[in-house]
Amino acid sequence: MSHTMKAFWQDINDVVESNHSKKLPLIDALNRWTDFCRVEGNFFRLIDDQGYTIQFCFEETLPDEVEDATYLRVVLVDFPIPERRGCYSKLVTVGESSALIEKAFSVGANPQKLDGLEFSLWGVVDDHG
């Protein structure tokens, strides 16, 4: 679908803010994500040519002793929908996150193109615990 997507991110070593987003082709987006320092709170966002956003955020810092983190389910993939004041999201593995970047480049970052996502409203507090 898209040859390039706008990207911005926050990594322990590098920050690109949304107002200074960079256009990246797929290979550069995958390389940027692969080179990320895997620390809780770091995020990587892509915006397609239709204005849809897909973002990836580490929910946990990867342990130093893990050699292959592809199977660890520690990445929250999130599709913000500002007009509905919420987002579609799900927790995925590090390996699945790379596959989702590839999929976003091929079909766009529209959450309706992916299965297994849950919608949640922003700012809603779960007071059941």
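The values are calculated or read from the model by the stated rules, or taken from the named source; none is laboratory data. Just so you know, these numbers come straight off a predicted model, no measurement behind them. Every residue, glycine as well, gets a Cβ built from its backbone with ideal geometry; the counts of neighbours run over all protein chains shown. Side chains included, ligands, DNA and RNA excluded: accessible areas come from the protein's heavy atoms. Shrake-Rupley method; radii C 1.70, N 1.55, O 1.52, S 1.80 Å.
In table form, for the structure just shown:
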item	result
Single residue of region 12-27 satisfying the filter (open to solvent by 60 Å² or more (accessible area, probe 1.4 Å) and farther than 16 Å from Ile54 by Cα) that is modelled with the highest pLDDT	Ile27
Cross-chain or 6+ apart pairs with Cβ under 6 Å, region 87-100 first and under 17 Å from Thr61 (Cβ atoms), then open to solvent by 60 Å² or more (accessible area, probe 1.4 Å) and of a type in the set (D, E, K, R)	Leu91/Arg73; Thr93/Arg73
In region 110-125, the residues that are touching a Ser or Thr at 6+ places or on another chain (Cβ under 8 Å), within 30 Å of Val66 (Cα to Cα) and either open to solvent by less than 80 Å² (accessible area, probe 1.4 Å) or assigned to a helix (DSSP H, G or I) (or both)	Leu117
Cβ pairs under 8 Å, 6+ apart, first in region 3-19 and on the phi < 0 side of the Ramachandran plot, second at pLDDT below 85	Trp9/Phe36; Asp11/Phe36; Asp11/Cys37; Ile12/Cys37; Asn13/Cys37
Of residues in region 70-109 being of a type in the set (A, V, I, L, M, F, W, C) and open to solvent by 20 Å² or more (accessible area, probe 1.4 Å), the one nearest to the chain's Cα centre (by Cα)	Leu76
Criterion (in a helix (DSSP H, G or I), touching a helix residue (DSSP H, G or I) at 6+ places or on another chain (Cβ under 6 Å) and not basic (Lys, Arg)) met by exactly one of Ala104, Ala99, Ala29	Ala29
